[in-house]
Amino acid sequence: MATILVSGCASYKPAANTQTLYERISKAITTELSTGSDHIRMQVFPILDDKLAKTNVGVTPSASGMLSVFVRVENGAENPVKVDLANSFLLINGEKYPSLAAESAVERAQRGDAVPVAGMTVLFGLIGGIATGSVIATGNRTIEEHYQEKSFKPTLINTKSCGSGLVFFEFSKEKTGGRNFTCTIPVLNLATNEVTILEVSFNEGELRKLEE
């Protein structure tokens, strides 16, 4: 397999860790997008703005067909809970978009407009004469490592603890400014097997104003 090295404009600036990413995103999105039920609280920070997305996840929602949402779940209940990411989804104007595993998110980023940071190299593999994005490396690390590191964890949250990180969802590539969103994440109480459905709704146009 041949390799082509491509360098580009600095734009993607991955946070050093999940806490730093949380601080960045929560500072940019100042509105309170949260909900709570049965002593479980959830905050969501949807990264809809193109500039914010490129800086923090390296790719825009419209180009990748993927929306990255920073999610923080605090367990104030007496029992441990499990965040069910596999059955989480977005409703966009009533249409359902499922969550994506980190591996699928990496593939979408590579097919989209993932951009390099300063000193970052994009590697393309030539297979059968066709160039396909294979690795996006930031220094000695790949975008896959960044996504894996900053994806939501732990999904098993003990009492008086929290989990946080990126949750990736399929997303419409149409660019509009007035869509209504509902982010839905089920949480299972491991002692009682009861499921709490956490939902946060927001309007795209209002959120973009707050990000500007």
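The values are calculated or read from the model by the stated rules, or taken from the named source; none is laboratory data. Quick caveat: nothing in here was measured; it's all calculated off a predicted structure. Heads up, the Cβs are rebuilt from the backbone with ideal geometry, glycines too, and the neighbour counts pull from every protein chain shown.
Annotation note: Cβ proximity below 6 Å between a residue of the range 145-164 that is within 12 Å of residue 106 (Cβ to Cβ) and a residue that is at pLDDT below 95 and of a type in the set (Val, Ile, Thr) (sequence gap 6+ or interchain) occurs for 147/106.
In the range 88-107, of all residues being at pLDDT 95 or above, farther than 14 Å from residue 68 by Cβ and within 14 Å of the chain's Cα centre (by Cα), the one that is surrounded by the fewest Cβ atoms within 10 Å (Cβ to Cβ) corresponds to 98. Taking the criterion of being within 24 Å of residue 82 (Cβ to Cβ), surrounded by fewer than 19 Cβ atoms within 10 Å (Cβ to Cβ) and without any contact (Cβ under 8 Å) to a residue 60 or more places away in the chain, the residues of the range 37-69 that qualify are 39, 41. Residues that are not aliphatic (A, V, I, L, M) number at least 3 in the following strands (runs of 3 or more DSSP E) confined to the range 8-115: 34-37, 40-46, 66-75, 95-100.
Set side by side, the residues 202, 171, 152 differ, and just one is among the hydrophobic types (A, V, I, L, M, F, W, C) and at pLDDT 95 or above, which is 152. Checked against (1) part of a strand (DSSP E or B); (2) modelled with pLDDT of 90 or more; (3) over 30 Å from residue 182 (Cβ atoms), residue 135 meets all criteria but (2).
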